[in-house]
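> Submitted below is the structure of interest, expressed as structure tokens.
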Amino acid sequence: MTILSTPTATGTRSALGRIRLWFGADALVTGANALAYLVAAGPITDLLGGDAGTVRTIGAALVGYTLLVALYTRSRLAPGPGWAIVAANAVWVVASLEVALTGALGLDGPGRVWAVAQALVVADLAVLQARALRAR
């Protein structure tokens, strides 16, 4: 027997809590990466390859993205912007895998591994964000 139910106020609050959780986690992780890329571009390129200027540019772009995601997390959580963030995360995943596979940006072996690891984390966040948005 299947019991169908409609969302309750508690269920809606729970879904909103999950949305805030996963988008907030995205802002924290992205912000940490952005800060590292801006502050430690030299040591990062020594470890991963690539160009310090490119790493700083990516860090600056990630600061902007972090602010947008953080603002969304503090907003009324309209679904449209949430889905746009999920889509942007999917683009990041594809781009990261392309960089890892093609060697674009001059990454060394460890840099390619880092690009794949980032892709996996961002893909997981995007899936969790999408699930939370659908549950709303």
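> Under the condition of being closer than 26 Å to Leu16 by Cβ and free of Cβ contacts under 8 Å to residues at least 12 places away in the same chain, which residue from the stretch 32-66 is surrounded by the fewest Cβ atoms within 10 Å (Cβ to Cβ)?
Gly64
> Take the residues in the stretch 110-136 that are free of Cβ contacts under 8 Å to residues at least 40 places away in the same chain and farther than 19 Å from Ala70 by Cα, then tell me which one is surrounded by the fewest Cβ atoms within 10 Å (Cβ to Cβ).
Arg134
> Which of the helices (runs of 4 or more DSSP H) found entirely inside the stretch 20-136 contain at least 3 residues meeting this: under 12 Å from the mean Cα position of the chain (by Cα)?
52-73, 79-102, 109-135
> Filter the stretch 41-57 down to the residues that are within 19 Å of Gly109 (Cβ to Cβ) and in contact with a Phe, Trp or Tyr (Cβ under 8 Å, 6 or more places away or on another chain) and list them by number.
Hits for the stretch 41-57 are Ile44, Leu48, Val55.
A short reminder: the numbers here are calculations on the coordinates, not readings from a lab. These figures come from a predicted structure and were not determined experimentally. A quick note on method: Cβ atoms are made from the backbone with ideal geometry, for glycine too, and the neighbour counts reach across all protein chains shown.
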